[in-house]
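J.: Attaching a single structure in structure tokens format; questions to follow.
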Amino acid sequence: TASGIRKKVLVLHNQMSSNVYPWQDLRSKVPGLEIVAPVRNHTLSEADSTQKGNFTGWTETIVNFLKEHDDIVIAALPNVHWCDGEVIDLVEIGKLCRQKDIVLVVDATQSIGAMPFSVEDVQ
């Protein structure tokens, strides 16, 4: 950024409120803090709605967003999206976050007891 200060927190569009409310609260205490939420592309082909059409998964959406934005300081992400259950590859995203010096905060409340999770692999 022009000022060199990154003040954006990445959450997902339609993210579970348990991973939105804390950042909204922090925003009220940190002047200039913004919350950004990319929307994934999931339009179906008009010619044949049985095909995948133009579908972009959450992992690809997040990776592309992080690559395109240099002002993200925190990526607050689940390992599954609570609306559709899509698994998000936090190992891949964690690597990119480390490369870009972004703090990765994982909200695993929707899945921690139902699927394997390795802090060592993600961090």
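The values are calculated or read from the model by the stated rules, or taken from the named source; none is laboratory data. Predicted, not measured: the structure shown is a model, and the values here were computed from it. Note that we place each Cβ from the backbone using ideal geometry, even for glycine, and neighbour counts take in every protein chain shown. Only protein heavy atoms, including side chains, enter the accessible area calculation; ligands, DNA and RNA are left aside. Shrake-Rupley method; radii C 1.70, N 1.55, O 1.52, S 1.80 Å.
J.: Which condition does Cys97 not pass, out of (1) open to solvent by 50 Å² or more (accessible area, probe 1.4 Å); (2) at negative phi; (3) modelled with pLDDT of 85 or more, if it passes all the others?
T.: Failed condition: (1).
J.: Which of the residues belonging to region 84-107 are farther than 11 Å from Val63 by Cα and either of a type in the set (D, E, K, R) or in a loop (DSSP other than H, G, I, E, B) (or both)?
T.: Selection gives Asp84, Gly85, Glu86, Arg98, Lys100, Asp101, Ile102, Asp107.
J.: Can you tell me how many residues in region 3-37 are over 17 Å from the mean Cα position of the chain (by Cα), loosely packed, with under 15 Cβ neighbours inside 10 Å and not aliphatic (A, V, I, L, M)?
T.: Of the residues in that region, 7 qualify.
J.: Continuing with the same structure: For region 106-118, how many residues meet the condition of being closer than 25 Å to Asp70 by Cα and either open to solvent by 50 Å² or more (accessible area, probe 1.4 Å) or without any contact (Cβ under 8 Å) to a residue 40 or more places away in the chain (or both)?
T.: Number of matching residues: 1.
J.: I would also like to ask the following. Scanning for something surrounded by 13 or more Cβ atoms within 10 Å (Cβ to Cβ), within 20 Å of Ser111 (Cβ to Cβ) and modelled with pLDDT under 90, does region 41-53 turn up at least one residue?
T.: no
J.: Does region 100-123 hold any residues that are among the hydroxyl-bearing types (Ser, Thr, Tyr) and on the phi > 0 side of the Ramachandran plot, and which are they?
T.: Once the filter is applied, which keeps residues that are among the hydroxyl-bearing types (Ser, Thr, Tyr) and on the phi > 0 side of the Ramachandran plot, region 100-123 yields nothing.
J.: Now, a different point. In region 65-82, how many residues are in a loop (DSSP other than H, G, I, E, B), more than 13 Å from Ala37 (Cβ to Cβ) and open to solvent by 40 Å² or more (accessible area, probe 1.4 Å)?
T.: Count: 2.
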